1. Can you tell me which residues in the stretch 21-45 are part of a loop (DSSP other than H, G, I, E, B) and surrounded by 11 or more Cβ atoms within 10 Å (Cβ to Cβ)?
2. Inspect all residues belonging to the stretch 2-15 and state whether any of them is assigned to a helix (DSSP H, G or I) and closer than 30 Å to ARG149 by Cβ.
3. Report, by residue number, each residue of the stretch 60-86 that is assigned to a loop (DSSP other than H, G, I, E, B), loosely packed, with under 13 Cβ neighbours inside 10 Å and at pLDDT 95 or above.
4. List every residue pair whose Cβ atoms sit under 9 Å apart, with the two residues 6 or more apart in sequence or on different chains, where the first one lies in the stretch 104-125 and is modelled with pLDDT under 95 and the second, anywhere, is not aliphatic (A, V, I, L, M).
5. Return the only residue of ARG115, ARG156 being over 24 Å from ALA57 (Cα atoms) and either loosely packed, with under 13 Cβ neighbours inside 10 Å or of a type in the set (Lys, Arg) (or both).
6. Of the residues SER64, SER94, only one is of a type outside the set (Asp, Glu) and without any contact (Cβ under 8 Å) to a residue 40 or more places away in the chain; which?
Amino acid sequence: MRLGIDLDGVVANFNGGWITFYNEEFGTSLGSDVIDSWDGIPAATHFASMREFWDWARYLKGASLFRHLETYDGAVNTLWNLAKSGHTIVILTSKPYWATHDTYEWIAEHKLPTREVHILDEKWQVDCDVYLDDAPHNIYDIHLHRPDRATVRFIRPWNHPVPGTHDVATWDEFQSFVDAHQA
């Protein structure tokens, strides 16, 4: 099966990454649980808007924030297990234009098992059998435009259930979902 996998908030720990940089640069002690809504960064920081946040995130230690993110536990191993089982890993990620090169470098550094990467906003335009995402608007749009495909929400504090989609809380649960879905 073709598995459409989001990066930030699913494979890459986006919030953990920016929070670490923010705490170091501004002498704060924000915790990993500070974000509980999509685009909630301005409410938790001194940034007046998401645009101001993105201006800051564009230049951190010689690259954008996207170059410095850690992976979530189990993410890379599960992707490799799925690829070894014959599934095609298709990366579907939304990024600012200035993060494109950092994204490709990040994928290479973390050795994700993929030959197909799409950087786009409307992820449903790429045909996959199963989609895994954490962004509320993406989960809704994928399910709306691809109702015959499996849309899986990676449960995070900033998203909520969408009727007709599936939920997972861990990479092991996603592996089990894919195993059961192909049977």
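The values are calculated or read from the model by the stated rules, or taken from the named source; none is laboratory data. Quick caveat, the model's predicted, so the values are computed rather than measured. Note that each Cβ is placed from the backbone with ideal geometry, even for glycine, and that neighbours are counted across all protein chains shown.
1. THR28, LEU30, SER32, VAL34, ILE35, ASP36, SER37, TRP38, ASP39, GLY40, THR45
2. Yes, there is a match, as at least one residue in the stretch 2-15 is assigned to a helix (DSSP H, G or I) and closer than 30 Å to ARG149 by Cβ.
3. ASP73, SER85, GLY86
4. Correct list of pairs: empty, since none qualify.
5. Just a single option satisfies the conditions, and that option is ARG115.
6. SER64
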